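**Q** Have a look at the structure that comes next, please.
The values are calculated or read from the model by the stated rules, or taken from the named source; none is laboratory data. Keep in mind that this is a model prediction, so the values were computed, not measured. So basically every Cβ, Gly included, is an ideal-geometry build from the backbone, and we count neighbours across all protein chains shown.
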Amino acid sequence: MKLSLFFTFGVSAKLWKEKGLLDREKFIYEKLLESGAANKIYWFTYGIADKEIEKELINGIEIIPMPSIYRLRIGKLFYSFLMPFVQRKYIKQTDILKTNQINGSWTAVLASKLYGKPLVVRTGWTWSRFRLKSNNPVLYRLASLIERMAYRNADAVVVTTQDDADYISNRYRKSADKLMIVPNYVDTDMFSVTDKHKYDDKFVFVGRLTEQKNLKNLILALQGLPYGLDIYGDGDMQEELAQLAGSLKVRVDLKGNVPNSELPEILNQYPLFVLPSFYEGMPKALLEAMSCGCAVIGTDVDGIRGLIRDGVNGILCNTTHESIRSAIEKVMKDNELMERLGKQARSFVVENYSLENVIADEINVHKKVCNVR
């Protein structure tokens, strides 16, 4: 089987690498090749220099980069509609077309219509739900329009949570037999418990530095506590967060991006991981921290409450800085609780989100779709 993956609009393999995501994102496709479920995978990207990334991939994954003529922003938009024609040589050889996210899915829909190929519309998070929660009505309407078009034309829709499946079924009237749940995965061999914690007086956050992640309240929660916070990731709030930490005179160290392959060693240095978001899809960073045996604190919101069972494999709190502070104190002051939560978190991920389980789900999706047409 040959599989074509259409990258999110505007995203390149080089950007994946710069953001530290390449190792994580490529892994499932390498496993599909190694298992024999696919013998060729094409990545259609928006990077003009992405061919150089191929040396970091196993044989069988071929990157089809964007021609340099489309390098400008408006050019990328034109290319997203012209790609099925420009790259028809590769698309015609493909057995299944797949989207990486909804944004840019129109390219795969067009290719499916032109060449009669089965289409899997995959999304790690539901775009319109996020836009609704971010109070952006224009982008919400745009996201809803694109989702409607994509789901209507999909032979299979793959989401990561039951909540998203229910939302799509109710909002877009997609039949249940074409909706499949394939959760985010963790390489539990790589993200495993190794050394004892290096730090006893600080904890860690990993993710994008955006309003969604509620990091200002996380920093405010540090007031009056004897603990520090290390933040891994980047985003448009970096300077604002640094200034807030400085004004409050709390210990916050903004570490920037690191490759996903370095995260296991990093996570194992901390006793506690905190994810204070206002909303989530299925947060990979949380799963990875749990897999490393970290005690975890998360806010009681969509996408997090489905992973953390309060008091069993983690602690749930509200999004206010007072509630976050109380949860941090509760865990950091109780070594027995911390150790128990970490062990239960690790067991939970191994049993439910291991790579082996998700690969089996992915293969089942491909088999089902190949029988559609």
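**Q** Where the second residue is of a type in the set (Phe, Trp, Tyr) and crowded, with 17+ Cβ neighbours inside 10 Å and the first is assigned by TED's automatic domain parsing to the domain that holds Ala285 and lies in segment 247-267, which pairs have Cβ atoms under 7 Å and are six or more apart or on separate chains?
**A** The qualifying pairs are Lys255/Tyr232; Val258/Tyr232; Pro264/Phe191; Ile266/Tyr232; Leu267/Phe273.
**Q** Okay, moving on. Yes or no: segment 20-30 includes at least one residue that is touching a residue at least 12 places away in the same chain (Cβ under 8 Å) and over 30 Å from Ile304 (Cα atoms).
**A** No, segment 20-30 contains no residue that is touching a residue at least 12 places away in the same chain (Cβ under 8 Å) and over 30 Å from Ile304 (Cα atoms).
**Q** Any residue that is closer than 25 Å to Lys51 by Cα and exposed (fewer than 15 other Cβ atoms within 10 Å of the Cβ) - is there at least one of those in segment 117-137?
**A** no
A quick yes/no check of all residues on (1) aromatic (Phe, Trp, Tyr); (2) closer than 21 Å to Ala143 by Cα; (3) not assigned by TED's automatic domain parsing to the domain that holds Gly281:
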{"residue": "Ala49", "(1), (2), (3)": "no, no, yes"}
{"residue": "Leu72", "(1), (2), (3)": "no, no, yes"}
{"residue": "Phe78", "(1), (2), (3)": "yes, yes, yes"}
{"residue": "Thr107", "(1), (2), (3)": "no, yes, yes"}
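**Q** Are any residues in segment 96-108 without any contact (Cβ under 8 Å) to a residue 60 or more places away in the chain and in a helix (DSSP H, G or I), and if so, which ones? Spell out how you get there, then give the answer.
**A** Step one: list which residues in segment 96-108 are without any contact (Cβ under 8 Å) to a residue 60 or more places away in the chain, which gives 102, 106.
Selection gives Trp106 alone.
**Q** Given segment 119-226, what helices (runs of 4 or more DSSP H) lie entirely inside it while holding 2 or more residues that are on the phi < 0 side of the Ramachandran plot, among the β-branched types (Val, Ile, Thr) and outside the structural domain of Leu241 (by TED's automatic domain parsing)? Steps first, answer last, please.
**A** Working: elements: 127-133, 137-153, 162-172, 215-220.
Output list reads 137-153.
**Q** Okay, next question. When segment 57-73 is examined, which residues are found to be at pLDDT 95 or above and outside any loop (DSSP other than H, G, I, E, B)?
**A** Ile61, Glu62, Ile63, Ile64, Ser68, Ile69, Tyr70
**Q** Would you list the helices (runs of 4 or more DSSP H) that sit entirely within segment 235-294 and hold 3 or more residues that are charged (D, E, K, R) and more than 21 Å from Glu18 (Cα to Cα)?
**A** On the way: elements: 238-248, 263-267, 284-291.
Fully inside segment 235-294 and qualifying: nothing.
**Q** Considering segment 345-362 alone, what residues qualify as being farther than 26 Å from Leu97 by Cβ and surrounded by fewer than 19 Cβ atoms within 10 Å (Cβ to Cβ)?
**A** Passing the criteria: Ser347, Val350, Glu351, Asn352, Ser354.
**Q** Asp187 fails exactly one of the following numbered conditions: (1) surrounded by fewer than 20 Cβ atoms within 10 Å (Cβ to Cβ); (2) among the charged types (D, E, K, R); (3) under 19 Å from Gly124 (Cα atoms); (4) within 17 Å of the chain's Cα centre (by Cα). What is the number of that condition?
**A** Here Asp187 clears every test but (1).
**Q** Taking segment 320-360 only, how many residues are assigned to a helix (DSSP H, G or I) and under 14 Å from Val186 (Cα atoms)? Steps first, answer last, please.
**A** Initial filter on segment 320-360 (assigned to a helix (DSSP H, G or I)): 321-332, 335-352, 355-360.
Cutting the leftovers down to under 14 Å from Val186 (Cα atoms) gives us 345-352, 355-360.
Residues that pass the stated criteria total 14.
**Q** If you don't mind, another one. Quick check on Gly20: is it outside any helix (DSSP H, G or I), at pLDDT below 95 and crowded, with 17+ Cβ neighbours inside 10 Å?
**A** Values: outside any helix (DSSP H, G or I): yes; at pLDDT below 95: yes; crowded, with 17+ Cβ neighbours inside 10 Å: yes.
Criteria met by Gly20.
Rundown of residues vs (1) under 30 Å from Phe81 (Cβ atoms); (2) free of Cβ contacts under 8 Å to residues at least 12 places away in the same chain, yes/no style:
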site: Leu110; (1), (2): yes, no
site: Ala176; (1), (2): no, yes
site: Ile181; (1), (2): no, no
site: Val193; (1), (2): no, no
site: Phe203; (1), (2): no, no
